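Read-outs: derived from the displayed coordinates by stated rules, not from any lab. Worth saying up front: this structure is predicted, and the values here are computed from it rather than measured. As a convention, Cβ positions derive from the backbone with ideal geometry for all residues, glycine included, and neighbour counts pool all protein chains shown.
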Amino acid sequence: MESEFLSTMVLTFKLAAITTAILLVIAIPLASFLVFSKIRFKSILETIVSMPLVLPPSVLGFYLLLAFSPVSSIGSFLVDHGIRLAFSFEGLVISSVLFSLPFMVHPIQSALAQVPLSIFEASYTLGKSKLQTMLRVILPSIRHGLISGIVLAFAHTVGEFGVILMIGGNIPDETRVASIAIYDEVESLNYAMAHQYALTLFVVTFAILLLVYTLNKKSLGGIR
Amino acid sequence: MIALDITKNLHTAEGTLKAHYELTMNHGEFITLFGPSGAGKTTLLRMLAGLEKPDSGRIEVDGEVWFDSSRRINLPPQKRSIGFVFQDYALFPTMSVRENLLFAAENDEQRSNVDELINLVELSSLSDRRPETLSGGQKQRVALARALVRHPKILLLDEPLSALDPSMRQKLQDELSLIHTRLGVTTLLVSHDIAETVKLSDRLASVVSGRIERIAEPMEFFSPQTLSGKLQLIGEVLKIQEDTPVFIVTLLVGSSIVRTVLSADEASTLTVGSHAIISTKAFNPIVIPIRH
């Protein structure tokens, strides 16, 4: 029982960590594109990114389940190449990335929008490429947006329930994360175990958020 | 030598303006572009820097083609040897003064010159401070020093003095003048206030509606051909006071106040806040040193 508890918690935070890492890599270019691109129909892309904020998780989960199922064209293509996404950890990662996308993109997007254009241009006139400018000038100056995005995406993934229930089921060591386990334990009237999961999640997420906000304040204070 | 002949359609508040600039600058020359806002001065600087693309034409700097629409050449800003000082300074907020300059340096020689540049703009004591802790004038000097790190062929200054208070403005003018003499870098400065850069400039160019209307040395620029005085000063009209039958006009010349009596006709050509030439022909001015 105890080892099952541990492996569920490890899986929960592993999922959150991998999802957050992938989101960070995706969200920086995506947020830059949303801020700086001048294409038409940009609002359509913005809407798609924001959809998970308002869409019931079961809707996203339902469509992902359809897409991942071996009967669908995407699912059968993947299965033919040895990738099974429905009821697997990989499937959870993909759906978590989609579901937490706005939580990472929005803070980075609004931080980027506040950087004056002349900061970019100054770096270009000093001979620095777009990549150098991004890495050495822009990302350090939007680090508070990055931290907010990381914390929100991580916390949101830890707290995710509906999508995982739809596409992940409740397979120990594969898709059984803490939020599912709580539901499962309550269903079988095992309140003590449910409480153990719930309290752990509560304490750990509180500690992470507190640490981040304290550090954030300190680094702000250092500049002022 | 810098030669440019470019056109661009400018979208201004009054509609589209077909801008056409022709300008030749000699090596080490200091030219001020001035004119009303919306005349396209900043756009000209930005096109020289490669931050905006002209519609057609050619920009050549020391024999190197930076832009040529007929040959489809358009060097990006990174490939142009420029130093650009932005109106809002554009200092990198997460870097100290020294780091801002070091960021610009491309090689060891330029890195080792950073401290000298910081000295030149008198910021040695502030070199570890972050930009947000500096005053406007100090930020401006950091921006200026940073623009000079890479020994640019041309220094472009976009309204560098307009946001500063008068005493700071005076100090920065002196500093700009000193830097220009010391480093001899070809400089193009944009201003909407003529008076602030008259003494710095080798030539003044007035930009009106997307065109360089007139370009001349400062004194020649302000003096109509018919006026050949023994004493000529440029001042700002502070007050026009009627004292029947004449008008008493008060002007600010540098930091001195000059009062003069004008006829009603003469006074009617002046407005408070405008600039005017004070000239005297008949009398030889007396110059005596001040003893302290």
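Relative contact order of chain B: 19 percent, from C-alpha pairs under 8 Å at least 6 residues apart in sequence.
When 1/r is averaged over all different Cα pairs and the result inverted, which Kirkwood radius in Å belongs to chain B?
Values: mean 1/r = 0.0474 Å⁻¹.
Computed over chain B, the radius equals 21.1 Å.
Peptide A:99-110 is shielded by partner chain Cβ atoms: per residue, an average of 0 of them sit within 10 Å of its Cβ. Helices in chain B, meaning DSSP H runs of at least 4 residues, each add -39500 (n - 2.57). Divided by all residues, the mean residue ellipticity at 222 nm is -7000 deg cm²/dmol.
Screening chain B for whole DSSP H helices with an alpha carbon extent of at least 30 angstrom along the helix axis and a mean Kyte-Doolittle hydropathy of at least 1.6 yields nothing. Considering only beta bridges that DSSP places wholly inside the protein assembly as shown, some 70 percent are antiparallel. The C-alpha atoms of chain A occupy a region whose extents along the principal axes are 64, 46, 29 Å, arranged from largest to smallest. Peptide B:77-88 shows a mean partner chain C-beta count of 4 within 10 Å per residue C-beta.
Here the protein assembly as shown is described by how far its Cα atoms reach on the three principal axes: 110, 57, 54 Å, from widest to narrowest.
For chain A, the longest principal axis of the Cα atoms and the long axis of helix A:42-54 meet at an angle of about 40 degrees.
With springs only between Cα atoms under 10 Å apart, run a GNM on chain B and tell me which of B:166, B:152, B:131 wobbles the most. Taking springs between Cα atoms under 10 Å, the residue moving most is B:166.
When each of the peptides A:118-124, B:4-10 is scored by how many other beta carbons lie within 10 Å of its residues on average, the order from highest to lowest is A:118-124, B:4-10. Which lysines, on any chain, are close to residue B:281 with Cα under 21 Å apart, when same-chain ones fewer than 8 places away are left out? Output for residue B:281: B:230.
Select from segment A:162-206 those GluC sites (Glu not before Pro) which occupy a DSSP coil region and have at most 16 other Cβ atoms within 10 Å, ordered by residue number.
Loop-located and lightly packed - A:174.
Between 0 and 90 degrees, the angle of helix A:178-187 with respect to the longest Cα principal axis of chain A falls at about 30 degrees. Computed over every Cα-Cα pair of segment B:93-134 and binned at 10 Å starting from 0, the pair-distance distribution P(r) comes out as 32, 55, 13 percent.
Listed by chain and number, the lysines whose alpha-carbon sits under 24 Å from that of residue B:153, ignoring those within fewer than 8 places in the same chain, are A:128, A:130, B:8, B:41, B:53, B:79, B:139, B:199.
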